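Please read the structure below before turning to the comments.
The values are calculated or read from the model by the stated rules, or taken from the named source; none is laboratory data. None of the values given here were measured: they were computed from a predicted structure. Glycine also receives a Cβ, built like all others from the backbone with ideal geometry; neighbour counts cover every protein chain displayed.
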Amino acid sequence: MTILVTGGAGFIGSNFVLDWLAANDEPVVTLDALTYAGNLANLTSLTGDSRHQFVRGSIGDSALVGRLLRGHDVRAVINFAAESHVDRSISGPAPFFETNVMGTLHLLEAVKAYVTGLEETKRRDFRFLHVSTDEVYGTLARDEAPFAETNPYKPNSPYAASKASSDHLVRAYRETYGLATIVTNCSNNYGPLQFPEKLIPLIVHNALNGKALPLYGDGLQVRDWLYVGDHCSALRRVLEAGKPGETYNIGGDNQKTNIEVVRTICALLDARRPRPDGASYAAQITHVTDRPGHDRRYAIDPTKLAGELGWRPAVVFEEGLAKTVDWYLGNEAWVTDVTSGAYREWVARQYG
Ligand code: NAD
Ligand code: DAU
């Protein structure tokens with residue numbers, strides 16, 4: 001049988017597909033619309049691998065999804081496809097609702113129709129794993145307990161609202177139609193192949209290009225960073241042993257302020273590729289106007305996933321960040337490729 005990975009040409013999706021095929025031989029069909037964030041080059045190492053097929057298309061295309069599900073005897077769908085950048089959702093929310101809400105709705109419809117036609121054993125074993133975010137829970141005060149699965153949804157950005165809506169849809173398909181859905185809510189990921197609009201790759205890219213390192217507001221916002229490979233291993237475990245109808249929070253128990261993260265990246269770059277003038281890259285740090293509605297702190301309570309499924313992260317932040325910086329230093333052609341054209345227009349609009 002086969003798994004269908006939607007959004008598998010993006011950052012986490014492509015890491016997931018690569019990790020999956022490195023770990024076992026079950027075939028993967030990757031469906032991706034190849035928006036600005038999707039990059040087929042992420043999957044180049046799979047060229048000619050008969051276990052992998054790439055299809056360009058949208059999760060909103062129910063007919064296409066239906067053909068793929070039936071044609072490949074799919075046993076699970078892992079849905080990564082989304083518009084994912086908070087700042088873009090603030091400057092233009094509509095695509096977030098088209099993809100994250102309506103796209104998910106059409107995907108669920110196609111999956112429901114497919115599962116209805118399956119014979120009983122296959123229907124019982126089928127899974128729909130929806131990859132979501134901790135941002136649906138809103139923001140935490142400094143001393144507040146981390147997000148548990150029981151926290152109420154309080155999304156603050158259009159992105160978070162669109163992901164919250166998609167989570168609710170997935171839940172409704174479980175409750176109403178009995179679809180075997182599971183939702184995961186993960187904290188901030190970092191690692192190879194992340195588009196340099198997100199904090200960590202943006203800072204590496206700007207530092208190396210002599211540009212300002214923009215920190216929103218006071219830079220004391222807190223994120224709970226998880227290495228992308230750990231997110232992938234958590235998702236594999238949830239797919240294997242997670243209970244339909246359940247939600248699992250995924251996190252690295254690794255809270256850092258943005259200023260700490262940026263300073264650590266600067267120190268890593270100072271050691272690996274010192275600036276010609278001998279100064280630290282930290283000299284390029286610039287405080288800029290804060291993100292509207294900026295969530296102050298995210299933190300995940302990973303107790304349920306650890307207790308019920310025995311999953312724990314393997315990569316400590318310092319090691320993961322060093323690996324990530326090394327990956328960007330070793331893959332400058334990839335960065336040049338994805339930072340041409342439309343990327344430059346976005347940066348000009350966002351940072352002036
Ligand atoms: P990304 O923006 O790097 O990738 C998204 C991918 O989805 C791209 O390849 C894009 O082409 C594709 N896509 C967009 N619209 C599509 C459509 N209509 N049909 C098919 N494909 C489409 O995002 P990411 O950071 O890899 O995030 C993946 C998922 O994980 C998202 O659902 C996101 O909400 C969630 N998530 C991300 C993080 C994080 O830190 N990056 C953390 C928790 C959860
Ligand atoms: O928590 C999970 C979420 O993490 C995912 O659902 C999102 O898809 C993903 O983009 C990420 O959202 P954030 O908004 O937390 O990530 P981002 O990398 O955009 O920003 C991280 C922090 O850094 C945040 O507090 C904003 C700040 N920041 C970001 C950028 C791009 C800056 O200070 N300067 C910047 O230029």
Margin query: Against the definition (of a type in the set (Asp, Glu), over 19 Å from the mean Cα position of the chain (by Cα) and part of a helix (DSSP H, G or I)), how does GLU175 come out, yes or no?
Written below: yes
Checklist line | Whichever residue in the stretch 29-44 is within 6 Å of ligand 1 (Cβ to nearest atom) and of a type outside the set (A, V, I, L, M) and, among such residues, is nearest to ASN15 (Cα to Cα) | finding: GLY38
Check: Given (1) surrounded by fewer than 20 Cβ atoms within 10 Å (Cβ to Cβ); (2) under 27 Å from ALA241 (Cα atoms); (3) under 21 Å from the mean Cα position of the chain (by Cα), where does PHE80 come up short, assuming only one miss?
Finding: (1)
Next item on the list: Keeping to the stretch 124-150, report how many residues are within 14 Å of ligand 2 (Cβ to nearest atom) and not β-branched (Val, Ile, Thr).
Entry: 9
Notebook entry, point to check: What's the number of the condition LEU220 fails, among (1) within 16 Å of ligand 1 (Cβ to nearest atom); (2) assigned to a loop (DSSP other than H, G, I, E, B); (3) surrounded by fewer than 21 Cβ atoms within 10 Å (Cβ to Cβ)?
Noted result: (1)
Check: Taking the condition near ligand 1 (Cβ under 8 Å from one of its atoms) and touching a residue at least 60 places away in the same chain (Cβ under 8 Å), does GLY13 pass?
Finding: yes
Next item on the list: Hey, could you check the stretch 229-278 for residues that are in a helix (DSSP H, G or I) and of a type in the set (Asp, Glu) and say which is farthest from ligand 1 (Cβ to nearest atom)?
Entry: ASP270
Item checked: Members of the stretch 88-119 found to be over 18 Å from SER62 (Cβ atoms) and surrounded by 19 or more Cβ atoms within 10 Å (Cβ to Cβ), listed by number -> ARG88, SER89, PHE96
Notebook entry, point to check: Looking at TYR114, TYR153, which one is touching a residue at least 12 places away in the same chain (Cβ under 8 Å) and farther than 29 Å from ASP224 by Cβ?
Noted result: TYR114
Next item on the list: Identify all residues within the stretch 201-212 that are touching a strand residue (DSSP E or B) at 6+ places or on another chain (Cβ under 9 Å) and either at pLDDT below 95 or crowded, with 23+ Cβ neighbours inside 10 Å (or both); write none if there are none.
Entry: PRO201, ILE203, ALA207
Next item on the list: Considering only the stretch 185-200, state which residues are closer than 18 Å to TYR36 by Cβ and buried (at least 23 other Cβ atoms within 10 Å of the Cβ).
Entry: LEU193, GLN194
Next item on the list: Mind listing just one residue for me: the one in the stretch 1-11 that is out of contact with any Ser or Thr (no Cβ under 9 Å at 6 or more places or on another chain) and at pLDDT 95 or above and, of those, farthest from LYS198 (Cα to Cα)?
Entry: THR2
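Each row is one residue, and each column tells you yes or no for (1) over 24 Å from TYR343 (Cβ atoms); (2) at pLDDT 95 or above; (3) more than 16 Å from ligand 2 (Cβ to nearest atom).
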| residue | (1), (2), (3) |
| --- | --- |
| PHE16 | no, yes, no |
| ASP19 | yes, yes, yes |
| ASP25 | yes, yes, yes |
| THR30 | no, yes, yes |
| LEU40 | no, no, yes |
| LEU46 | yes, yes, yes |
| ARG51 | yes, yes, yes |
| ILE59 | no, yes, yes |
| VAL65 | yes, yes, yes |
Next item on the list: Note down all Cβ pairs under 8 Å where the first residue falls in the stretch 174-189 and is closer than 15 Å to ASP253 by Cβ, the second is of a type in the set (D, E, K, R) and assigned to a strand (DSSP E or B), and they're at least six residues apart or on different chains.
Entry: SER187/ARG223; SER187/ASP224; ASN188/ARG223; ASN188/ASP224
Check: Name the pairs: first residue in the stretch 323-337 and free of Cβ contacts under 8 Å to residues at least 12 places away in the same chain, second residue surrounded by 15 or more Cβ atoms within 10 Å (Cβ to Cβ), Cβ to Cβ under 6 Å, at least 6 apart or on different chains?
Finding: none
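Residues checked against (1) touching a His at 6+ places or on another chain (Cβ under 7 Å); (2) loosely packed, with under 13 Cβ neighbours inside 10 Å; (3) in contact (Cβ under 8 Å) with a residue 60 or more places away in the chain:
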{"residue": "GLY245", "(1), (2), (3)": "no, no, yes"}
{"residue": "GLN255", "(1), (2), (3)": "no, no, no"}
{"residue": "ALA306", "(1), (2), (3)": "no, no, no"}
{"residue": "GLY341", "(1), (2), (3)": "no, yes, no"}
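Would it be correct to say that ALA81 is under 19 Å from LEU239 (Cα atoms), in contact with a strand residue (DSSP E or B) (Cβ under 9 Å, 6 or more places away or on another chain) and either away from ligand 2 (no atom under 13 Å from the Cβ) or at pLDDT below 95 (or both)?
Taking the combined requirement at face value, the residue does not satisfy it.
Let me confirm something: among GLU109, GLU135, which residue is touching a residue at least 40 places away in the same chain (Cβ under 8 Å), touching a strand residue (DSSP E or B) at 6+ places or on another chain (Cβ under 9 Å) and among the acidic types (Asp, Glu)?
After applying the criteria, what remains is GLU135.
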Note to self: Go through the stretch 256-282 and report how many residues are among the hydrophobic types (A, V, I, L, M, F, W, C), in contact with a strand residue (DSSP E or B) (Cβ under 9 Å, 6 or more places away or on another chain) and more than 20 Å from GLN221 (Cα to Cα).
What the structure shows: 0
